[in-house]
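In what follows, a structure is listed as structure tokens, so that the remarks can point back to it.
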Amino acid sequence: MPAHPNLVALHRQAAERWGSATALRYRKYGLYHDLSWRDYRRQVERAAAGLIDLGIAPGDRVALLAANCWQWLAADVAILATGAADVPLHAPLSPRQVEFQLQHSGARGVFVGDQVQADKIAAVLDLLPDLEFLIAIEPVQFPPGVELITWDGLQQRGHGCGTAGRQELARREAALGHTDLATVIYTSGTTGNPKGVMLSHGNLLSNAESMIEISDTLSSDVLMSWLPYSHIYARTVDHYLTMLAGTTICLAESPDTLLTNIAEAAPTWITAVPRFYEKVWAQVAGLSPAERGRELRRLFGPRMTRLTSGGAPLPKSIAQGYIGAGFPMLEGYGLTESSPVISFNRFNSIRPGTVGRAINGVEIRIAPDGEILTRGPHVMLGYWRDEAATAAAIVDGWLHTGDVGTLDADGYLTITDRKKDLIITSGGKNIAPTELERLLTSDPYIDQAVVYGDARPFVSALIVPKADLIQAQAAALGCRLTIRDGIIECEPIHSFIAARISYLMQAVSQPEQVRAFVLLASPFQIDAGELTATFKVRRRQIVQNYQRHLEALYAE
């Protein structure tokens, strides 16, 4: 049972405890600005009172469509303070995807970050008859028919509610319990429409409180925060866990400026996904161990004490490399439906190659077919307006994760693949694509890889080479990298990569070996639907984008 009654009380108590200390740090106009816990709370209360004045009632839904900013965090707590639930929309969504999630959730209003996001809603406005208002964090233009309010205007509206507004907020906070709906988060579907995951105040509190017990997070810490708040990992760990500890959140300007922001802000901690750590490791992999340690310290800053990774398994060799260089690498595992953390490595018992042991209050077991099941207070309420999907996902209290893994004798969990992503070749061989992809990307010349072969006679792959290394190799071989339709056509380079893949394939059985591949000129992209906002590969979309080239491999 969570110690706090609800997430709104958690935020209020944090503001009362830490007062003038810095809660949020952000960069604007080239300068860093600090927002104290006291001022943060004031922004939340005024925004919440403004929403109530707009007619938002307990049980309503209000959406958020914005890139990371401090107002996103304040709006989240403000929506919850009204007794409503928020619907965070991922910033890269298309207008059609935005329309579906707003319509399906029944959102009465939406916070938008800028004109780009406002334009997405404007493009589908005729399909959103229930949308009543739009609150703009940055100034925007918007068609008539929906009330347009600025962030400052919402603050003024809430301030005008005075004592009566504060009393109503206190009444609504007191009425909120652990089972009340806090958020509806739409999962990143690869086919069809996504499902809305319903998480309660108790779900999120239990996860944050369990994590604070094992994460060694302190009020003196500074967290560099950059993963999208619309995703549950950053929402729970960066946002709610730091409220428990009184930690300062320093917001990165963007994923592209992350290393620059780290150098400027000197954080003590960062949460990230494997793709980020792999890219940093690629910069130092060729150095001697001593030089590597110095370079990593330069990149991560003098105060960095730990690195945490989630969202996908990190290659064991890279995790060991960071640990060997003096940077504790704490990997964890979870999913949106579990609020999200299921397991996590601890400081004093890191086991590279695993995602740690179950966090407090959480149970894990492995089904006969290898699927990971979990039970506890972190398991979602269900899927919004989808009883059939809920019944399929939660059986006798156990959440079926869709992931395949193993538990060792000490309770450490290892993820081997997604159950639904298993490849079954035409010869009947079951193949875990993630394992093959990890093997391929262990080669210094291969940046990204997606394997293919379901119902096919052999396994093939889409390969993205490391751009700088492959250019240098082409020069050494005296050949020119010809690019046609996004594909590298250069026989000496193709043969060079083929030889490296052949060497790697000695580690797997003959049916698992990659026998043909397409060499891509550009990395997989979020805008092309090939990566999620947290850089997880959308295998089906990638295969669809390059289907013609893959088919040609089998025709040959």
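The values are calculated or read from the model by the stated rules, or taken from the named source; none is laboratory data. If you're wondering where the values come from, they're calculated on a predicted model, not measured in any experiment. Note: ideal-geometry Cβ built from the backbone for every residue, glycine included; neighbour counts use all protein chains shown.
So the values come out like this:
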{"item": "From the options 57, 63, 67, 21, residue that is surrounded by fewer than 22 Cβ atoms within 10 Å (Cβ to Cβ), assigned by TED's automatic domain parsing to the domain that holds residue 108, among the small types (Gly, Ala, Ser) and over 21 Å from residue 173 (Cβ atoms)", "result": "67"}
{"item": "Criterion (assigned by TED's automatic domain parsing to the domain that holds residue 211, under 26 Å from residue 231 (Cβ atoms) and surrounded by 21 or more Cβ atoms within 10 Å (Cβ to Cβ)) met by exactly one of 361, 356", "result": "356"}
{"item": "Enumeration of residues in segment 167-198 that are out of contact with any Pro (no Cβ under 9 Å at 6 or more places or on another chain) and surrounded by 15 or more Cβ atoms within 10 Å (Cβ to Cβ)", "result": "168, 169, 181, 182, 190, 194, 195, 196, 197, 198"}
{"item": "Selection count, segment 309-335, where residues are modelled with pLDDT of 95 or more and of a type in the set (Val, Ile, Thr)", "result": "1"}
{"item": "Tally of residues being under 19 Å from the mean Cα position of the chain (by Cα) and assigned to a loop (DSSP other than H, G, I, E, B) across segment 48-77", "result": "4"}
{"item": "Residue list for segment 397-430, restricted to those being in contact with a Leu (Cβ under 7 Å, 6 or more places away or on another chain) and either buried (at least 21 other Cβ atoms within 10 Å of the Cβ) or in contact (Cβ under 8 Å) with a residue 60 or more places away in the chain (or both)", "result": "399, 401, 405, 413"}
{"item": "Close pairs from segment 536-556: first closer than 30 Å to residue 272 by Cβ, partner basic (Lys, Arg) and exposed (fewer than 14 other Cβ atoms within 10 Å of the Cβ), Cβ under 7 Å, at least 6 apart", "result": "none"}
{"item": "Count of segment 4-22 residues which are touching a residue at least 40 places away in the same chain (Cβ under 8 Å) and either under 26 Å from the mean Cα position of the chain (by Cα) or in a helix (DSSP H, G or I) (or both)", "result": "12"}
{"item": "Hits in segment 353-394 (condition: touching a residue at least 60 places away in the same chain (Cβ under 8 Å) and under 20 Å from residue 422 (Cβ atoms))", "result": "355"}
{"item": "Residue match in segment 213-221 (condition: touching a Leu at 6+ places or on another chain (Cβ under 7 Å) and at pLDDT 95 or above)", "result": "no"}
{"item": "Lone qualifier among 96, 27, 12 - being at pLDDT below 95 and not assigned by TED's automatic domain parsing to the domain that holds residue 168", "result": "27"}
{"item": "Residues (at pLDDT 90 or above, surrounded by fewer than 22 Cβ atoms within 10 Å (Cβ to Cβ) and among the small types (Gly, Ala, Ser)) located in segment 431-455", "result": "442"}
{"item": "Condition broken by residue 229, with the remaining ones in (1) part of a loop (DSSP other than H, G, I, E, B); (2) at pLDDT below 95 satisfied", "result": "(2)"}
{"item": "Residue in segment 198-217 that is on the phi > 0 side of the Ramachandran plot and in the same structural domain as residue 341 (by TED's automatic domain parsing) present", "result": "yes"}
{"item": "Residue count for segment 272-296, restricted to those that are outside any helix (DSSP H, G or I) and either in the same structural domain as residue 443 (by TED's automatic domain parsing) or out of contact with any Phe, Trp or Tyr (no Cβ under 7 Å at 6 or more places or on another chain) (or both)", "result": "5"}
{"item": "Filter pass, residue 80 being in contact with an Asp or Glu (Cβ under 9 Å, 6 or more places away or on another chain), within 22 Å of residue 166 (Cα to Cα), of a type outside the set (Val, Ile, Thr) and assigned to a helix (DSSP H, G or I)", "result": "yes"}
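Residues are listed down the side, and each one gets a yes or a no for (1) within 31 Å of the chain's Cα centre (by Cα); (2) more than 26 Å from residue 417 (Cα to Cα); (3) free of Cβ contacts under 8 Å to residues at least 60 places away in the same chain:
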residue	(1), (2), (3)
440	yes, no, no
449	yes, no, yes
452	yes, no, no
464	yes, no, no
502	no, no, yes
519	yes, no, yes
